[in-house]
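Enquirer: Dumping the structure here so I can ask a few things about it.
The values are calculated or read from the model by the stated rules, or taken from the named source; none is laboratory data. What you see is a predicted model, and the numbers here were worked out from it, not measured in a lab. Cβ: placed from backbone, ideal geometry, glycine included. Neighbour counts: every protein chain shown.
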Amino acid sequence: MNSKHTNWYKNAVIYQIYPRSFCDGNNDGLGDIPGIISKLDYLKELGVNCVWLSPVYDSPQKDNGYDIADYRDIYKPFGTLKDFKKMLDEMHKRGIRLIMDLVVNHTSSEHKWFKEALKDKNSPYRDYYYIRKGKKNGKKPPNNWTGFFGEGAWSPIEGSDEWYLHLFAKEQPDLNWENPKVRDEVVDILRYWLDMGVDGFRCDVITLISKKQDFKNRFPSLALTGKDAYVNGPRLHEYLHMLYERAYKDYDCMTVGESVLCSLKDTIKLVKPENEELDMIFNFSHTDVDNLFGVKYLHRKFTLNRFRNSLTKYQLGLANGNGWNSLFIENHDQRRCVGRFGTNDKELRKESSKMLATTYFLLSGTPFIYQGQEIGMTNADYESIDDYQDVELHNMYKLTQSSILYRTLIGKHLFEVSRDNARTPMQWDDTEFAGFSKVKPWLRVNKNKEFINVKESIKDVNSIFNYFKELINFRKEHQAIIDGSYKVLHGHNSKVYSYVRENEKESILVISSFSNKEIKNPCNNDLAGYVLKLSNYKENNLILKSYECRIYVKEK
Ligand code: TEU
């Protein structure tokens with residue numbers, strides 16, 4: 001391998017910032033880059049050493065920045081390129097790296113490439129997208145594929161018999177990666193930011209960039225008709241390796257790809273170091289355990305066995321040089337973890353948050369913390385559809401209003417799984433707008449800012465925030481978490497997840513109770529030689545209390 005990579009990401013703890021909702025520096029109701037700069041000392045205090053920044057590029061914000069109109073500029077209400085460079089510099093000064101969100105499966109329909117493509121049939125930009133003649137003299141879409149936001153995957157081009165492909169909102173036309181010019185553009189974009197000093201990319205829906213070119217109808221499915229044509233398409237690995245060769249290789253950067261419906265076999269192909277594609281991917285199999293077929297609206301009961309099995313599959317599957325895991329239980333598309341995965345976001349919120357944190361944080365891989373997770377923020381407390389902003393939620397809501405089938409199938413869980421649950425403004429203090437802004441924010445603040453907020457969390461020695469700090473420090477001090485093996489203990493226990501991380505020097509035993517009641521600790525006979533290092537309860541005995549977790553270490 002001839003690259004500049006030092007693999008620093010293996011020692012990283014990454015904090016995801018969703019810029020709209022993090023901190024409003026100029027009091028216009030929207031988070032921004034100056035706001036982020038003002039909170040860097042807070043991140044330093046928490047102990048994270050890398051930030052993943054959700055998109056800040058120029059964008060009409062139909063999908064909150066995942067619709068990019070200019071890849072080389074900043075969305076004005078977030079700040080300027082000068083602000084961005086200052087933020088990067090201030091992060092680096094504090095030993096915090098920055099990875100950007102790279103959204104190149106699609107652009108915004110306001111991107112100049114798309115506008116040119118629509119304006120002129122002979123424009124070279126026309127082949128940057130998938131534009132096809134519709135069926136029935138242009139009255140029907142070219143095929144029956146459907147996309148991720150509950151719509152057909154094609155929209156008509158006004159005044160013509162042609163349609164364009166979009167796997168997300170209609171304002172997010174898909175790029176045609178078959179066109180070598182599109183690939184050149186992406187390489188240029190990558191090098192532009194890497195040359196500026198950014199440390200890597202979180203690659204949005206990267207496993208969708210290659211499509212089967214037959215564009216034939218597929219067997220209809222309630223969710224994602226056509227997925228076999230656009231998920232892990234035929235040239236995906238070729239494209240990813242090309243990006244590595246032409247960009248990533250020349251910088252000490254990291255990449256994490258967002259994968260959709262990715263098996264272990266596919267995952268290994270994407271992250272095996274020799275393949276030189278991606279350093280790790282976000283795999284959603286463990287967050288999908290409470291739904292059916294990866295469709296979050298089709299709820300099924302959480303079971304610890306499914307959760308543990310799914311994490312274990314990837315922990316073991318990526319061991320022995322097969323690749324590296326990303327570790328996460330929240331992000332801007334998921335609901336909040338506390339109250340989910342069998343836990344409690346009311347009277348046992350603190351215990352639950354700390355236990356969940358412990359469970360995923362000490363697995364093998366790089367942990368990600370989503371803003372607000374470190375203070376145990378909970379789902380939105382909205383009562384009306386008008387409080388919600390997300391394009392996905394509104395599309396799905398329309399569907400449930402127009403079809404009894406959809407209403408029956410998904411209506412019940414629509415709000416519970418809404419992406420806005422994780423997008424409510426960050427709760428910095430208990431003032432009217434939670435210290436996020438001095439004016440009414442773009443999305444309503446959760447009323448529980450009265451008692452769930454950063455100010456309170458820093459003061460309280462037993463807070464979730466202070467527990468996260470301890471976890472991060474613990475991770476830094478124990479190499480077995482980075483390079484140790486993974487072994488599950490009592491793998492059939494339906495209430496307790498316990499595992500051991502071990503290298504030649506030490507062995508770390510993690511015990512997490514997913515029960516809201518007191519239960520017998522199944523590991524009582526496994527503790528010889530172990531010393532307790534961290535727990536979410538002050539006193540620990542033979543019984544595990546509700547959502548109790550413990551970390552033990554045995555030196556060899
Ligand atoms: O998400 C991709 C993706 O798979 C999600 O749309 C997922 O299906 C949905 O959120 C489940 O609720 C990425 C981004 O993370 C998301 O915010 C964007 O909307 C999407 O890509 C399009 O860029």
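Enquirer: I'd like the residue in the stretch 123-151 that is without any contact (Cβ under 8 Å) to a residue 24 or more places away in the chain and surrounded by 17 or more Cβ atoms within 10 Å (Cβ to Cβ) and, out of all such residues, is farthest from the ligand (Cβ to nearest atom). Walk me through how you get there before you give the answer.
Expert: Here is the first cut: in the stretch 123-151, the residues without any contact (Cβ under 8 Å) to a residue 24 or more places away in the chain are 123, 125-126, 135-136, 139-141.
The next check asks that each one be surrounded by 17 or more Cβ atoms within 10 Å (Cβ to Cβ); those that pass are 125-126, 141.
Numbers: TYR125: 20, ARG126: 22, PRO141: 20 Å.
Here the residue is ARG126.
Enquirer: Here's a follow-up. Just checking, which of PHE219, PHE215 is more than 19 Å from the chain's Cα centre (by Cα), free of Cβ contacts under 8 Å to residues at least 12 places away in the same chain and more than 16 Å from the ligand (Cβ to nearest atom)? Reasoning before the result, please.
Expert: Values: PHE215 fails: free of Cβ contacts under 8 Å to residues at least 12 places away in the same chain.
When all the criteria are applied, what remains is PHE219.
Enquirer: Could you tell me which residue of the stretch 416-429 is farthest from ARG444 (Cα to Cα), considering only residues that are more than 12 Å from the ligand (Cβ to nearest atom) and buried (at least 20 other Cβ atoms within 10 Å of the Cβ)?
Expert: Only one residue fits best here, namely TRP428.
Enquirer: Within the stretch 251-279, can you find the residues that are among the aliphatic types (A, V, I, L, M), within 16 Å of the ligand (Cβ to nearest atom) and at pLDDT 95 or above? Spell out how you get there, then give the answer.
Expert: We begin by selecting, within the stretch 251-279, every residue among the aliphatic types (A, V, I, L, M); these are 254, 256, 260-261, 264, 268, 270-271, 278.
Filter once more, keeping what is within 16 Å of the ligand (Cβ to nearest atom): 256, 260-261, 270, 278.
Across the stretch 251-279, the qualifying residues are VAL256, LEU270, LEU278.
Enquirer: Counting just the residues of the stretch 316-333 that are buried (at least 17 other Cβ atoms within 10 Å of the Cβ) and hydrophobic (A, V, I, L, M, F, W, C), which one comes out nearest to the ligand (Cβ to nearest atom)?
Expert: It comes out as PHE328.
Enquirer: Is one or more of the residues making up the stretch 317-329 at pLDDT below 95 and of a type outside the set (Gly, Ala, Ser)?
Expert: yes
Enquirer: Another one. State which residue is farthest from VAL182 (Cα to Cα) when the search covers only the stretch 47-95 and only residues that are of a type in the set (Gly, Ala, Ser) and either within 17 Å of the chain's Cα centre (by Cα) or surrounded by 15 or more Cβ atoms within 10 Å (Cβ to Cβ) (or both).
Expert: Restricting attention to the stretch 47-95, the residues satisfying the condition of being of a type in the set (Gly, Ala, Ser) are 47, 54, 59, 65, 69, 79, 95.
Keeping just the survivors that are either within 17 Å of the chain's Cα centre (by Cα) or surrounded by 15 or more Cβ atoms within 10 Å (Cβ to Cβ) (or both) gives 47, 54, 59, 65, 69, 79.
Numbers: GLY47: 39, SER54: 22, SER59: 19, GLY65: 20, ALA69: 15, GLY79: 28 Å.
Among those that are of a type in the set (Gly, Ala, Ser) and either within 17 Å of the chain's Cα centre (by Cα) or surrounded by 15 or more Cβ atoms within 10 Å (Cβ to Cβ) (or both), it is GLY47.
Enquirer: Next question, about the same structure. With away from the ligand (no atom under 16 Å from the Cβ), more than 28 Å from GLU276 (Cα to Cα), at pLDDT 95 or above and not in a loop (DSSP other than H, G, I, E, B) as the only criterion, which of LYS346, LYS354, LYS313 stands out? Quick ask: steps written out before the conclusion?
Expert: Working: LYS346 fails: not in a loop (DSSP other than H, G, I, E, B); LYS313 fails: more than 28 Å from GLU276 (Cα to Cα).
On inspection, the qualifying residue turns out to be LYS354.
Enquirer: Cβ-Cβ below 9 Å, separation at least six or inter-chain, first residue in the stretch 333-349 and of a type in the set (Ser, Thr, Tyr), second within 16 Å of the ligand (Cβ to nearest atom) and in a loop (DSSP other than H, G, I, E, B): which pairs?
Expert: THR343/CYS337
Enquirer: Let me ask something else about it. Considering every residue within the stretch 244-258, establish whether at least one is assigned to a loop (DSSP other than H, G, I, E, B), of a type outside the set (D, E, K, R) and touching a strand residue (DSSP E or B) at 6+ places or on another chain (Cβ under 7 Å). So that I can check it myself, show each step before the final result.
Expert: Restricting attention to the stretch 244-258, the residues satisfying the condition of being assigned to a loop (DSSP other than H, G, I, E, B) are 247, 251-253.
Those left that are additionally of a type outside the set (D, E, K, R): 247, 251, 253.
Next cut, touching a strand residue (DSSP E or B) at 6+ places or on another chain (Cβ under 7 Å) only: 253.
Yes, because at least one residue in the stretch 244-258 is assigned to a loop (DSSP other than H, G, I, E, B), of a type outside the set (D, E, K, R) and touching a strand residue (DSSP E or B) at 6+ places or on another chain (Cβ under 7 Å).
Enquirer: Would you mind stating whether GLY25 is surrounded by 24 or more Cβ atoms within 10 Å (Cβ to Cβ), touching a Ser or Thr at 6+ places or on another chain (Cβ under 9 Å) and part of a loop (DSSP other than H, G, I, E, B)? Outline the logic, then answer.
Expert: Working: surrounded by 24 or more Cβ atoms within 10 Å (Cβ to Cβ): no; touching a Ser or Thr at 6+ places or on another chain (Cβ under 9 Å): yes; part of a loop (DSSP other than H, G, I, E, B): yes.
So GLY25 does not fit the description; no.
Enquirer: Under 6 Å between Cβ atoms, at least 6 apart or on separate chains: pull out the pairs that start in the stretch 390-414 with a residue that is farther than 21 Å from LYS170 by Cα and within 13 Å of the ligand (Cβ to nearest atom) and end on any residue that is not hydrophobic (A, V, I, L, M, F, W, C) and not in a helix (DSSP H, G or I).
Expert: So the pair list comes out as ILE410/TYR297; HIS413/TYR297; HIS413/HIS299.
Enquirer: Spot the failing condition for SER155; the list is (1) over 23 Å from ARG235 (Cβ atoms); (2) buried (at least 20 other Cβ atoms within 10 Å of the Cβ); (3) within 16 Å of the ligand (Cβ to nearest atom); (4) not charged (D, E, K, R), and only one is missed.
Expert: So the condition that SER155 fails would be (2).
Enquirer: Determine which single condition GLU116 fails, assuming it passes every other condition in (1) surrounded by fewer than 22 Cβ atoms within 10 Å (Cβ to Cβ); (2) in a loop (DSSP other than H, G, I, E, B).
Expert: Against the list (1) surrounded by fewer than 22 Cβ atoms within 10 Å (Cβ to Cβ); (2) in a loop (DSSP other than H, G, I, E, B), GLU116 comes up short only on (2).
Enquirer: With the condition kept exactly as written, say whether any residue in the stretch 381-388 is within 21 Å of the chain's Cα centre (by Cα), touching a residue at least 12 places away in the same chain (Cβ under 8 Å) and part of a loop (DSSP other than H, G, I, E, B).
Expert: So the first thing to find is which residues in the stretch 381-388 are within 21 Å of the chain's Cα centre (by Cα), and the list is 388.
Of the ones still in play, those that are also touching a residue at least 12 places away in the same chain (Cβ under 8 Å) are 388.
Among the residues that remain, those that are also part of a loop (DSSP other than H, G, I, E, B) are: 388.
Yes, the stretch 381-388 has at least one match.
For every residue, the table says whether it meets (1) buried (at least 20 other Cβ atoms within 10 Å of the Cβ); (2) out of contact with any helix residue (DSSP H, G or I) (no Cβ under 6 Å at 6 or more places or on another chain); (3) under 30 Å from LYS62 (Cβ atoms).
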residue: ILE481; (1), (2), (3): yes, no, no
residue: GLY484; (1), (2), (3): yes, yes, no
residue: LYS487; (1), (2), (3): no, yes, no
residue: TYR499; (1), (2), (3): yes, yes, no
residue: GLU504; (1), (2), (3): no, yes, no
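Enquirer: Assess whether LEU443 counts as being assigned to a helix (DSSP H, G or I) and either within 26 Å of the chain's Cα centre (by Cα) or over 23 Å from GLY342 (Cβ atoms) (or both).
Expert: Numbers: assigned to a helix (DSSP H, G or I): no; either within 26 Å of the chain's Cα centre (by Cα) or over 23 Å from GLY342 (Cβ atoms) (or both): yes.
No, not satisfied.
Enquirer: Return yes when ASP67 is within 15 Å of the ligand (Cβ to nearest atom) and among the acidic types (Asp, Glu) and no when it is not.
Expert: Values: within 15 Å of the ligand (Cβ to nearest atom): yes; among the acidic types (Asp, Glu): yes.
The answer is yes for ASP67.
Enquirer: Identify the residue in the stretch 446-483 that is in a loop (DSSP other than H, G, I, E, B) and touching a residue at least 12 places away in the same chain (Cβ under 8 Å) and, among all such residues, is farthest from ASN27 (Cα to Cα).
Expert: Pass one, the stretch 446-483, residues in a loop (DSSP other than H, G, I, E, B): 446, 451-453, 460-463, 478.
Subset that is touching a residue at least 12 places away in the same chain (Cβ under 8 Å): 446, 451-453, 462-463, 478.
Working: ASN446: 18, PHE451: 23, ILE452: 22, ASN453: 19, ASN462: 32, SER463: 29, HIS478: 42 Å.
Here the answer is HIS478.
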